[in-house]
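Beneath this line is the structure, given in structure tokens, with notes to follow.
The values are calculated or read from the model by the stated rules, or taken from the named source; none is laboratory data. Fair warning: this is a prediction, and the values are worked out from it, not measured in the lab. Positions of Cβ are backbone-derived with ideal geometry, glycine not excepted, and every protein chain shown enters the neighbour counts.
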Amino acid sequence: MSLRCLVFILMWCPAALRAQSAAESCSAPQTDGGFLVPEQETYLHGSSLAYACNDGWKPAVEGWWATSLCLNGSWSHTPRCIDESSCLPPDIPNAKYTESSEGWYQEGWVLRIKCDEGYQHKTWEATVTCKNGAWSSLHVCERSGNACMVPPKIPHAVIILQKYQEIFAADSEVQFECEEGYSVQPADTKKSIFCLAGGWSEAPNCTKSQVPDVGHDGDTLDKVTKPVDANRGRGRGTHTGGSTVAETGSATTSDRTDSTSTPLVVQVTNCGAYPHISNGDVVRKSAMFIKYACNAFYKRVGPDTVVCYNDGTWSEVPTCKEAFCEVDLDEYANYHIKESGTIILKERETRDVPCKWQNWISRIRCTKGKISVSRCCHYLDYYSRLCN
């Protein structure tokens, strides 16, 4: 390469790098009704900002202040201040509803809640309404009386499911597979059970298959069952005729899918010691699953039910995340709050604290670990919703 070309490349590369860096930066977001910290025209990739909103406004995410991260020219969420009377998406387990393209809902918005299969509305109401920044009621979807719990154990068989579930809707059909050396008679019998009016139908029996064996002299010996190798431990499989045999302790099951498919669920004893989670513990034990719960002031993240797979591994284990707010009232001295010191609020807890004037209170909320403290207001105005 000539010296002239080399000089050209050295002069060209810095400009290209600057162009690439500019392409990855984020422009300052427009936050009408709020302010940014730090306030800049552009933000480099990987940098973050914090923002809060003026009186009468709130961030379009939980909390009275929020942060956002610049990632390749886009914000992890667009900083935005919305009217304080608007509502954020509700958290309703085992249910679905129409999600807003804006990410929030205006006051007066009515959401129709649809419970998942196997669940029903706890009350006759199937809607919630956004009123003054909160939903009209805490909606609950509970197990339907016609739904079924976990299928009963079938001797010498394994339930065939893509993933473990604890609730099955009415009329659900669940298939099972007999272990190697066992079959359902007659052969054309369907290997299924059904959820009927809250209970499972009776399952066909898996009985030993009698197969003829041929001796060296060509004579047929007495019918015997095919022996099972006792050394084939849990979580391992052997290949028989091109199909994988997944073993479940006392039962084995032919897995007719390839190795990348979801493993079969087996008894939890096949996976050994239960997984440990910080700030939580096992609260329910079953032959086919274990359930976790978190300690007070902590919230579960992930599934509460954990199962054992036929390869000897556990399914996804939950974690326990802090679900409380620690409020130092001394930091809010300019709010004219009468009390001082530190108080602890649970997640979603609201507490009224007295102000320096008689019958005036300040309302403190804990939402997703973030604190919201209101200005002092007469308690009658609070209860008539004249104060936010």
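Across the range 83-130, which residue is surrounded by the most Cβ atoms within 10 Å (Cβ to Cβ) among those that are outside any loop (DSSP other than H, G, I, E, B) and touching a residue at least 40 places away in the same chain (Cβ under 8 Å)?
CYS87
Tally the residues that are surrounded by 12 or more Cβ atoms within 10 Å (Cβ to Cβ), touching a residue at least 40 places away in the same chain (Cβ under 8 Å) and assigned to a loop (DSSP other than H, G, I, E, B), restricting the search to the range 70-82.
4
Would you confirm, using the coordinates I've provided, whether VAL283 is outside any loop (DSSP other than H, G, I, E, B) and within 30 Å of LYS153 (Cα to Cα)?
Answer is yes for this residue.
Please verify whether TRP135 is buried (at least 17 other Cβ atoms within 10 Å of the Cβ) and in contact with a strand residue (DSSP E or B) (Cβ under 8 Å, 6 or more places away or on another chain), treating the condition exactly as stated.
Taking the combined requirement at face value, the residue satisfies it.
A quick yes/no check of all residues on (1) of a type in the set (Gly, Ala, Ser); (2) in contact with a Pro (Cβ under 6 Å, 6 or more places away or on another chain); (3) at pLDDT 85 or above; (4) closer than 22 Å to THR350 by Cβ:
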| site | (1), (2), (3), (4) |
| --- | --- |
| VAL317 | no, yes, yes, no |
| GLU322 | no, no, no, yes |
| VAL327 | no, no, yes, yes |
| GLU331 | no, no, yes, yes |
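Considering only residues of the range 238-277 that are at pLDDT 50 or above and over 15 Å from VAL158 (Cα atoms), which is surrounded by the most Cβ atoms within 10 Å (Cβ to Cβ)?
Top of the filtered list is CYS271.
Conditions tested, residue by residue: (1) within 30 Å of GLN120 (Cα to Cα); (2) among the small types (Gly, Ala, Ser).
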residue: GLN162; (1), (2): yes, no
residue: GLU166; (1), (2): yes, no
residue: ALA170; (1), (2): yes, yes
residue: SER183; (1), (2): no, yes
residue: SER192; (1), (2): yes, yes
residue: GLY198; (1), (2): yes, yes
residue: PRO204; (1), (2): no, no
residue: GLN210; (1), (2): no, no
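Which one of the conditions (1) modelled with pLDDT of 85 or more; (2) under 25 Å from TRP65 (Cα atoms) does GLY280 fail to meet, given that it meets all the rest?
(2)
If I filter the range 143-159 down to residues being touching a residue at least 60 places away in the same chain (Cβ under 8 Å) and buried (at least 17 other Cβ atoms within 10 Å of the Cβ), which single residue comes out as farthest from the chain's Cα centre (by Cα)?
HIS156
Which count do you get for residues in the range 77-130 that are hydrophobic (A, V, I, L, M, F, W, C) and under 30 Å from GLU166 (Cα atoms)?
Total satisfying the criteria: 9.
Is it true that some residue in the range 190-211 is within 29 Å of GLU99 (Cα to Cα) and without any contact (Cβ under 8 Å) to a residue 40 or more places away in the chain?
No, the range 190-211 has no match at all.
Quick grid of which residues meet (1) out of contact with any Leu (no Cβ under 7 Å at 6 or more places or on another chain); (2) not in a strand (DSSP E or B):
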| position | (1), (2) |
| --- | --- |
| LYS321 | yes, no |
| GLU326 | yes, no |
| GLU331 | yes, yes |
| ILE344 | yes, no |
| ARG348 | yes, yes |
| ARG351 | no, no |
| TRP357 | yes, yes |
| ARG365 | yes, no |
| ARG375 | yes, yes |
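What about SER340, is it over 20 Å from GLY56 (Cα atoms), over 23 Å from the mean Cα position of the chain (by Cα) and not in a strand (DSSP E or B)?
yes
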